[in-house]
Amino acid sequence: MSAIHVEKLGKAVVLTYDDQSLLIEGDLDTKKRGLTRTEPTRIINTHILYAHYNDRTNLIQINAVIPDQPTTALLNIYKFMYTVKDNGAKEAIEFCKTIMDSVYKDLISGKRLKILVNPFGGQSKAKDIFQLQVKPILEAAKCILDVQLTEHQSHALEIARDLDIDAYDAIVTVSGDGIIHEVINGFIQRPDAREAMRKVPLGIIPAGTSNSFSISMLGEKQGFDPIYTTLQVIKGRSLAIDLCSINYGDERFFSFLSHSFGISAYADLGTEHMRWMGDTRTVVGLLGEIFKNKKYKVQASLCIVESDKAKLKKNYDITKGGSAWIPVNPSTGAVTDTMPPLNEPVPDNWTTLEEHISFFLTSKVPLLNRGMLSHPYASPNDGLLDLLMVRSGKSLAKQLSVFTNIDTGKHIDLDIVEYSKIKAFRLTPILKPGKTAYVSIDGEHAPVKTFQVEVHPCIGSVLSFSPTFYPHIK
C-alpha cells in the first residue's frame, strides 16, 4: 500500500494504490462529457493506462479508462492531473513507478504497434472507429503507433509477410475477420513463420460485420466494443491459438475460424448482396435454405478424436473457467503438414462417409455470428476442430429446431445433430451438373472441389485477457 497527498485547484486530494487498484479521494468534481463524480473514484489495474510525474510542471498525470457511471460497463478515457506538494518530487516519482510496475507486471508498457485499418470492410466504419475511439486510448497508454490503411485485397498479407518482426510488439487489425485471415497467411508465407507468429501476436479490434473471433474471446457485447478491445491490446497476454492448414493440392493456405459446406456455407456466401443487413443476412440465408429443404452430397473422411456428446459436455464443464495459459509452440521455421497428400488415401483408422448432408461446419471458435453459438465446446488451443454435422432427410421441424436452439448451444442436445472433436478431415463436394454450391473458409469463398484440413496446435498467438474463450454456456 502506498499513498501520496496532492492537490487539485487548491483542494487536497489523496491517491492510494494497493497493488490492485488506485483510489482517488477528494477529487469529487471531475467532469467529462457531463459526468460528475460524487464519491471517491477507484480504478482497477486493468483500466490504468499510464502514470507519470512531470518535473517541469510538477504534476502527476494518470491516464485511465473508467465507466461513464458507476453502474455502467461503458468505458471512456480520462486524464487525471494533480499538483505535487513542495519537495514531493521523489515521492511522486516512486508512487508512479509503483503503479506502472504493478499494472504492467509481466506485460510490455508502451507497446510498439503495427496497426492495419481496413477502410473497406464490414460497413466501412473502421477508419472512424480507429481515429475516434482506438487511437486516443493507445496514445494515452504511450504506445508507439505505425498506422497503415489497407488498400487492396491481400495487402495485409503482403505487409505481414514482409514485416520487420524485431520492430513491433504486436500487429493490430482494426477490421473484420478477413484482415486477420490475411495477416495469418502473410506470416505463414515467411521462412520464419513460427517465430513471426510467436514474437508478434495479433491484437484484434472489431470493425467488421461478424467479428467472430473477437466475440468468441470476449462475448457478444465486449467483443464488439472498440474501447474494451483496445484495452485488451494494451493489457492482454499472448494466448496460443491453433491454426488450420487448407490444402487443395494446387493451393495451400491457413485458416483460424471455420470451414463450411452446405446450408451454412450458403448463409455465409450466398447472401453477400445482403451485407447491409449485418448479422441478419446469415439468419435469412439459413432459414431460406432450411425451408427449401436443401441437401448437398459429400464424401468426407474424418480423423475423429471424440464423438460422444455426453463426454464432450462433461469435459467442457470440467475445464471451463479453469484453463491455464498455454505457451505458443516453440518450434522454428515453416509450418508443414502431416496428412498424406490429396492423391493418396487417408489412414485406415479414419471414418469415411458418402451421403447427403444439410450442414457440414467445422470451427475453431464457439461463435461465428452474434446469437449463433454453433460450436459451444470449441477451444482456442486444444489441437482439435469442432465438427457440427446434420445429415439430410430430416423433417423441416427438426431442422428448424437446430436454428431455434443455436443461440444457447442447446442444439447440440438434438438427436439430428452430430458433434465431434476431430484432428483433420478431407472433403469432396459431389455436385450434380448445373447445381450451385459454396465452400466457405473463414467466411470467404474457396474452390468447390476436394480439399483437406489439418489442425496445427498452438502456432498462432493473439493478445487476450483470458487463457480461453469467453464462457458462452451458462
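The values are calculated or read from the model by the stated rules, or taken from the named source; none is laboratory data. Computed from a predicted model, the values in this text were never measured in an experiment. FYI the Cβ positions are ideal-geometry reconstructions off the backbone, even for glycines, and counts take in every protein chain you see.
Quick one: would you say Phe187 is among the aromatic types (Phe, Trp, Tyr) and buried (at least 21 other Cβ atoms within 10 Å of the Cβ)?
Criteria met by Phe187.
Tell me which residues, restricted to region 225-267, are of a type outside the set (Asp, Glu), outside any strand (DSSP E or B) and farther than 30 Å from Ser301 by Cβ.
Hits for region 225-267 are Pro226, Ile227, Tyr228, Thr229, Thr230, Leu231, Gln232, Val233, Ile234, Lys235, Gly236.
Name every residue in region 315-341 that is in contact with a Pro (Cβ under 8 Å, 6 or more places away or on another chain) and loosely packed, with under 12 Cβ neighbours inside 10 Å, in order of residue number.
Scanning region 315-341 gives Gly321, Ala324, Gly333.
Check every one of the strands (runs of 3 or more DSSP E) wholly within region 409-451 and list those with 2 or more residues that are of a type in the set (S, T, N, Q) and out of contact with any His (no Cβ under 9 Å at 6 or more places or on another chain).
Hits in region 409-451: 417-430.
Out of (1) of a type in the set (Lys, Arg); (2) more than 21 Å from Ala334 (Cα to Cα); (3) surrounded by 18 or more Cβ atoms within 10 Å (Cβ to Cβ), what's the single condition that is false for Lys142?
So Lys142 meets the others, but not (3).
Hey, any hits in region 139-159 for a residue that's within 30 Å of Ala51 (Cβ to Cβ), of a type outside the set (D, E, K, R), part of a helix (DSSP H, G or I) and within 20 Å of the chain's Cα centre (by Cα)?
No, the conditions are met nowhere in region 139-159.
Considering each of Ser392, Ser420, Ser379, Ser401 in turn, give the residue that is free of Cβ contacts under 8 Å to residues at least 60 places away in the same chain and either surrounded by fewer than 22 Cβ atoms within 10 Å (Cβ to Cβ) or under 30 Å from Met217 (Cβ atoms) (or both).
None of the other options fit; the residue is Ser401.
With respect to Glu195, is the statement that it is touching a residue at least 60 places away in the same chain (Cβ under 8 Å) and not assigned by TED's automatic domain parsing to the domain that holds Asn45 true?
yes
Residue-by-condition table, conditions (1) buried (at least 23 other Cβ atoms within 10 Å of the Cβ); (2) in contact with a Lys or Arg (Cβ under 7 Å, 6 or more places away or on another chain); (3) at pLDDT below 85:
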site: Met197; (1), (2), (3): yes, no, no
site: Phe224; (1), (2), (3): no, no, no
site: Gly262; (1), (2), (3): yes, no, yes
site: Gly270; (1), (2), (3): no, no, yes
site: Gly285; (1), (2), (3): no, no, yes
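Please go through region 77-103 and give me each residue that is closer than 28 Å to Leu239 by Cβ and without any contact (Cβ under 8 Å) to a residue 40 or more places away in the chain, ordered by number.
Result: Asp101, single match.
Taking region 291-307 only, how many residues are modelled with pLDDT of 95 or more and in contact with a helix residue (DSSP H, G or I) (Cβ under 9 Å, 6 or more places away or on another chain)?
1
Scan Ser358, Ser374 and give me the residue that is touching a Lys or Arg at 6+ places or on another chain (Cβ under 9 Å), among the small types (Gly, Ala, Ser) and over 21 Å from Ile459 (Cα atoms).
It is Ser358.
Kindly provide the set of residues from region 312-329 that are part of a loop (DSSP other than H, G, I, E, B) and modelled with pLDDT of 90 or more, ordered by number.
Trp325, Ile326, Pro327, Val328, Asn329
Which of the following residues is within 34 Å of the chain's Cα centre (by Cα), among the charged types (D, E, K, R) and either at pLDDT 95 or above or surrounded by 17 or more Cβ atoms within 10 Å (Cβ to Cβ) (or both): Asp18, Asp27?
Matching residue, one of Asp18, Asp27: Asp18.
Strands (runs of 3 or more DSSP E) wholly in region 52-135 with at least 1 residues that are exposed (fewer than 14 other Cβ atoms within 10 Å of the Cβ), of a type in the set (Phe, Trp, Tyr) and at pLDDT 95 or above - which ones?
none
Return yes or no: is Thr428 under 27 Å from Gly219 (Cα atoms) and not charged (D, E, K, R)?
No: the conditions fail for Thr428.
All but one of (1) out of contact with any Ser or Thr (no Cβ under 8 Å at 6 or more places or on another chain); (2) among the hydroxyl-bearing types (Ser, Thr, Tyr); (3) modelled with pLDDT of 95 or more hold for Thr209, so report the exception by its number.
Unmet condition: (3).
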